[in-house]
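The values are calculated or read from the model by the stated rules, or taken from the named source; none is laboratory data. All values reported here derive from a predicted model rather than from experimental measurement. Cβ: placed from backbone, ideal geometry, glycine included. Neighbour counts: every protein chain shown. Accessible surface areas use protein heavy atoms only, side chains included; no ligands, DNA or RNA. Shrake-Rupley method; radii C 1.70, N 1.55, O 1.52, S 1.80 Å.
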Amino acid sequence: MTKQQLIYENVQAVKERIENAAKKAGRNPEDIHLVAATKMNDAECVKAAIKAGIKIAGENRVQELVEKYEQNAYKGANLHFIGSLQTNKVKFLVGKVQLIQSVDSEKLAGVIAKYAQKNGICQDILLEVNIAKEASKSGIYPEALPEIIENLCNIDGLRIRGLMAIPPISHFIGENLCHFDKMRELFIDISQKKYDNVSMDFLSMGMSGDFEDAISCGSNMVRVGTAIFGARPYMIK
Ligand SMILES: *Cc1c(COP(=O)(O)O)cnc(C)c1O
């Protein structure tokens, strides 16, 4: 089987898993957005995924994104940024990506707003939540969210569209359910507060190993890499 065929089959299999998980949770599969996490996969692989029906590509590293962007890798799909972002790299993203999912501080959001204003656009973002409060991870602590949202909601050039989380790596099915559940509660709480200019449209959580559990807890955006492209080089021992 060629790499292209393999990616095609994998995309269909992931879609089927999403469909089954959605139905099991009594949800409409069409409400769940599949983001192909494309890190370390080249332009050819990204193009193959889009040809196989992927509508959103998610990149982790700015330099990799810019390189593949110049190779027209994302043609026919939306592009999201999902990796950790330094403020001095923001300028390379604004105008190229539909959604920056990984906004982990008020300061970063401010810089994004500045560049968006400069470009005369409004940048959609998600706030990244450090739901398990892991010291090794970035993300906003749940209790800090309300104040940050209040401070950000009326800034020009920026629109908060939801929340994103990367819980710990799970070793067995169900291990992250508690974190996903807490994310759902946060998401609902914030939705109900009806902040100006904030629309809680997307709850981005769930990866190859746990997206079914995430969907059972209300995720409507899953970010899937390995199950589409195979193991990344550093994962192969
Ligand atoms: C790599 C990555 C994913 C996908 O992880 P897999 O386990 O390969 O599906 C999802 N989200 C983010 C932020 C990532 O960096």
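Would you mention how many residues in region 173-205 are within 20 Å of residue 134 (Cβ to Cβ), at pLDDT 95 or above and small (Gly, Ala, Ser)?
Qualifying residue count, region 173-205: 1.
If residue 176 satisfies every condition in (1) under 18 Å from the mean Cα position of the chain (by Cα); (2) of a type outside the set (Asp, Glu); (3) more than 14 Å from the ligand (Cβ to nearest atom) but one, which is the exception?
(3)
Here is a check on your reading of the model: is residue 36 over 18 Å from the mean Cα position of the chain (by Cα) and among the small types (Gly, Ala, Ser)?
No.
Looking only at region 63-90, filter to residues that are touching a helix residue (DSSP H, G or I) at 6+ places or on another chain (Cβ under 7 Å) and surrounded by fewer than 20 Cβ atoms within 10 Å (Cβ to Cβ); which one of those is nearest to residue 138 (Cα to Cα)?
Filtering region 63-90 for residues that are touching a helix residue (DSSP H, G or I) at 6+ places or on another chain (Cβ under 7 Å) and surrounded by fewer than 20 Cβ atoms within 10 Å (Cβ to Cβ), the one nearest to residue 138 (Cα to Cα) comes out as 87.
Among 215, 228, 188, which is part of a helix (DSSP H, G or I) and within 13 Å of the ligand (Cβ to nearest atom)? Let's see the steps before the verdict.
Working: 215 fails: within 13 Å of the ligand (Cβ to nearest atom); 188 fails: within 13 Å of the ligand (Cβ to nearest atom).
Selected residue: 228, the only one of 215, 228, 188 that is part of a helix (DSSP H, G or I) and within 13 Å of the ligand (Cβ to nearest atom).
Of the residues in region 14-26, how many are open to solvent by 50 Å² or more (accessible area, probe 1.4 Å), out of contact with any Ser or Thr (no Cβ under 9 Å at 6 or more places or on another chain) and not acidic (Asp, Glu)?
Within region 14-26, the first condition is being open to solvent by 50 Å² or more (accessible area, probe 1.4 Å), and the residues that meet it are 15-17, 19-20, 23-24, 26.
Right, trim to out of contact with any Ser or Thr (no Cβ under 9 Å at 6 or more places or on another chain) and you get 15-17, 19-20, 23, 26.
In the following step, the residues that additionally are not acidic (Asp, Glu) were identified as 15, 17, 20, 23, 26.
The total comes to 5.
Can you name every residue in region 191-212 that is assigned to a loop (DSSP other than H, G, I, E, B) and within 16 Å of the ligand (Cβ to nearest atom)? I'd like the intermediate steps shown before the answer.
Our first condition is that a residue be assigned to a loop (DSSP other than H, G, I, E, B); within region 191-212, this holds for 194-197, 205-210.
Result: 205, 206, 207, 208, 209, 210.
Of these, 131, 112, 100, which one is under 29 Å from residue 45 (Cβ atoms), within 16 Å of the ligand (Cβ to nearest atom) and buried (at least 22 other Cβ atoms within 10 Å of the Cβ)?
Step by step, each of 131, 112, 100 is checked, and only 100 is under 29 Å from residue 45 (Cβ atoms), within 16 Å of the ligand (Cβ to nearest atom) and buried (at least 22 other Cβ atoms within 10 Å of the Cβ).
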